[in-house]
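These notes concern the structure reproduced below.
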Amino acid sequence: MPDSLPPSPVRRRLRQGRDRLATVLVTAGGIGVIAALLAIGVFLAVEVVPLFWSGGDTQTVSPRALWSPLQAEDDLAGYRWDPTATLGTEEPARVSLLPLAWGTLEAAAWALLIAVPLALGAAAHSALFMSPRLRSRLKPTLELMEALPGVVIGFVAGLVLAPWLERHLADGLAMLVLLVPGLLLAGALWSRLPPRLQQALPLGWAGLWLLPWLLLVLAVALWLSPWLEAWAFGGDLRQWLEVRLGLDLAVRNAIIVGMAMGFAVMPSVYSLAEDALSGVPRSLSEGAQALGASRWQTLWRVVLPAASPGVFAAVMIGAGRAVGETMIVLMASGNAALMTWNPLDGLRSLAATIAIELPEAGPDGLHYRLLLLAALLLFLFTFLVNTLAELVRTRLTRRYRRLGGVA
Amino acid sequence: MRLAKRSRARLPRGEGAGAWLAAGSVALSLLALLALLSLLAIRGLGHFWPASIALVALDDGRQLAGEQVREVPLPDGTGRERLYRIGNRDLDGTRWAWVPVSAIAAVSHPPELMVLERHRWGEAIGRLVAVESETGERLEGQAARAVLENRMTELASLRQARDTLRDEVVLPRVQALQEGGDVERELATANARLRELQAAMQAGHLTLETASGERWQVPLDQILRVRYPNAMSPLDKLVVWGEGVWRFLSEGPRAANTAGGVWPAIFGTVLMVMLMSILVTPFGVLAAIYLNEVAHQGRLTRLVRIAVRNLAGVPSIVYGVFGLGVFVYGIGGSLDEWFFDAALPSPTFGTGGLLWASLTLALLTLPVVIVATEEGLARIPDQQREGALALGATRLEMLTRVVLPMATPAMLTGVILAVARAAGEVAPLMLVGVAKLAPQVPVDADFPFLHLERKFMHLGYHIFDAAFHGGDVQAAMPLVYATALLLVLVILVLNLTAIFLRHHLSTRHGALSRR
């Protein structure tokens, strides 16, 4: 047994040498990998520079062309994105990135408008009300939802939901309108139930037993929608929108993108917000409830203020995801570079533009560099937003540790 | 005392409106998820079920035969209309027919209606009138059916023989010939045999009577399969359904990705993901070990850690841009100049390909692996490390014998999460090497067997392409549903594995850190 003998000096030196070598290798490898990762930002920045400033003969674009409207007599005036038709020709370059940035932010805003209430509601419910058994099943389920590929969601949104909604706009509106009253009605009915039934349908499992109720509400909405359309919109909602509000409907529009991307972003916001809410030290909420607050009051007055940075971080990360999501916007938005306030019009985002145009733009051209600039913008935006969220989150963990004391 | 009484009197009876809205948002999210999954499952799997063929007699005396796809209200709200898939695209110019329900006089399902699946032009629907063999012999009625069945089995074996001959004899010889080998005689005999087989296949045709009464001759070698759906028992249909699913998984696409199977896409996805995990695992673990075990835990390390975490949130398309700029144009372009000078200007590595796609996705999933591994490493109690060092182990021995084995489940979790993310990513692949239709799978019998420079097919891109770039989107839809279902299933299974591992890990380390 060589191990039981005292190690010879040669062997010890060998071991130490090996150890030092491994440390050096790990250090070199680790730094190399991290440097490669961080090189992404550097690469984008370096490639974009010749766009604005070049020493020699290559063409450049003035920053003004990117951010200011085109001065023209005809209907081409304003902010236009059309690099393939205008770069390298006599015409003034129509390469304003504004419509793309607008489309990106509009899509993200609609997505957040749908995702944030849903995600925060679900997070509050599962952190405070839900039975622990259901919660331990539900959280992985919603996290699985996060892994659904964007291309599948985009396909369903663009080719199933969008044509359906075009045909059944009033049905969709009726569903949306009846959703909240339907849920409130469920609560009101529940509080009038005999106690035995209330025990059979506890609030802790409401996430499950509300499913059939929701289906019923949606069915009622479908049944009521022709009546609603006739009463409020003169029988045809699309025509009403066009005549009264001047909104025309594109099949693939910002609302569809918002719904699809809201669905995609919601699980990540939920997951982070739930972590923040359930991480609040129990002593706080128990104290509030001991003083006579209801669970909802506890949530609103104690838990939410304590966890607000975490919730904010969750929303920020959701925003980062929504801004960079490519396939959903590509498949559900119609990809028309418009700048309108009309949520029923199409849009075109930075990410989708890169995906469509970059394979055709050869290397080192102006078009290529413009698209790289778009990528750089996306990178900077998401990086900043995520850093902010991460800083807030680390601070929050420290705060919890302090609040929770030794326990 | 008074205080207690008052607070009891004020104890709220219910939770108020907010609690119900919160519960409702859970239910709504679940409902949306369930709706999406069941839509994919029903449409995706239902496509392979041999639906009955309806013979529809219209009020004006016309007849049509087809599979009812759906029924929707008319745009003007005066009734409903049905969509039938009537096939026979080369005859009628379309394979769809919209029929107002009010115009239908009678619907029947006669058992003799026949569906032919063909190489091109989709399916043909009608009644079998006669089968004519190459010698001009003509058979009608029941005899024709029996002959047709025999002929189909014969054709299948001929096709099989032809494919084997082509793949195993002719193509390698052609390759050898190009490289200067002396195989012309062998090649000539093989080609002669191939022509014989072709000739044997080309003989004969059948006469079909469509629902509108037209007679129409279909060459037998164009036909892949013959079915009589209305005469089938549910068990027969189940068998046909199973065969359909199997063909979907095992065959290549036909008719511009609107028919056939997705085997090359499955193969491409799996191969790309495997290459990616081989690339990402060592580097991710190395970086995590460096950050957690070797680096001085100062301000800089903390910043780097935050930056790495944030890179997980950078949009995937940005990684795609990086891959295109650095890997494809940069490294690939230089490789072409140095080693594949002869092939220029057509690029070898200077265009998107399997290697670049795997590398890009490896970079994309690197933060996932680093973060997961680091979490596992941070969870290992310091006593374990100190104990190992105190017993005289060097740091390397401590790492490889104590720390890494304990962190293995965390690494696995990270790699599986990375694989799940990579399998679903499409946007970066569009820039660095996915193809709409790749005739050659990147693995074959030619040296070096694995062709890293080739383009490949991918399930996710297949969905995008078939749904948005196909000619007849309506016809491609069922296949897109099936592909989407497949992709979602693969990703769900991978994620469930990761969740299971993580659970296993947390129970194990929960036991460890307790004192």
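The values are calculated or read from the model by the stated rules, or taken from the named source; none is laboratory data. These figures come from a predicted structure and were not determined experimentally. Positions of Cβ are generated from backbone atoms using ideal geometry, with glycine treated the same way; all protein chains shown enter the neighbour counts.
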Exercise for review: Go through segment A:323-354 and give me each residue that's over 14 Å from residue A:100 (Cα atoms) and surrounded by 24 or more Cβ atoms within 10 Å (Cβ to Cβ).
Suggested key: A:327, A:328, A:331, A:332
**Study point:** Members of segment B:165-200 that are within 19 Å of residue B:119 (Cα to Cα) and not aliphatic (A, V, I, L, M)
**Key:** B:166, B:198
Review point. Which ones in segment A:189-221 are loosely packed, with under 15 Cβ neighbours inside 10 Å, among the aliphatic types (A, V, I, L, M) and at pLDDT 85 or above?
Key: A:189, A:215, A:216, A:219, A:220
Exercise for review: Restrict the check to segment B:244-256 and report whether at least one residue is outside any helix (DSSP H, G or I) and farther than 30 Å from residue B:113 by Cα.
Suggested key: no
Exercise for review: Might you let me know whether segment A:125-139 holds any residue that is assigned to a helix (DSSP H, G or I), touching a Pro at 6+ places or on another chain (Cβ under 8 Å) and either at pLDDT 90 or above or facing chain B (nearest Cβ under 8 Å) (or both)?
Suggested key: no
Review point. Got a number for residues in segment A:381-398 being surrounded by fewer than 20 Cβ atoms within 10 Å (Cβ to Cβ) and more than 10 Å from every other protein chain (Cβ to nearest Cβ)?
Key: 4
Exercise for review: Scan segment A:174-197 and report the pairs whose first residue is outside any helix (DSSP H, G or I) and whose second residue is not aromatic (Phe, Trp, Tyr), with Cβ atoms within less than 8 Å and a gap of 6+ or a chain change.
Suggested key: A:193/A:201
Review point. Quick check, is residue A:161 surrounded by fewer than 24 Cβ atoms within 10 Å (Cβ to Cβ), at pLDDT 85 or above and either on the phi > 0 side of the Ramachandran plot or in the same structural domain as residue A:334 (by TED's automatic domain parsing) (or both)?
Key: yes
Point to revise | Selected residue (criterion: surrounded by the fewest Cβ atoms within 10 Å (Cβ to Cβ)) from residues of segment A:355-367 that are facing chain B (nearest Cβ under 10 Å) and at pLDDT 85 or above | key: A:356
Exercise for review: Name the one entry in B:233, B:250 that is in contact with a helix residue (DSSP H, G or I) (Cβ under 6 Å, 6 or more places away or on another chain), loosely packed, with under 14 Cβ neighbours inside 10 Å and not charged (D, E, K, R).
Suggested key: B:250
Practice item. Kindly indicate which of A:170, A:115, A:107 is more than 12 Å from every other protein chain (Cβ to nearest Cβ) and either crowded, with 19+ Cβ neighbours inside 10 Å or part of a loop (DSSP other than H, G, I, E, B) (or both). Key: A:107
Check your understanding: Looking only at residues in segment A:272-294 that are surrounded by fewer than 21 Cβ atoms within 10 Å (Cβ to Cβ) and within 20 Å of residue A:136 (Cα to Cα), which one is farthest from the chain's Cα centre (by Cα)?
Key -> A:282
Study note, to complete from the structure: Selection from segment B:257-277 of residues in a helix (DSSP H, G or I) and either closer than 30 Å to residue B:110 by Cβ or touching a residue at least 40 places away in the same chain (Cβ under 8 Å) (or both) yields B:264, B:265, B:266, B:267, B:268, B:269, B:271, B:272, B:273, B:275, B:276, B:277
Practice item. Check segment B:83-106 and report whether any residue there is modelled with pLDDT of 80 or more, within 20 Å of residue B:209 (Cβ to Cβ), of a type in the set (Ser, Thr, Tyr) and surrounded by 15 or more Cβ atoms within 10 Å (Cβ to Cβ). Key: yes
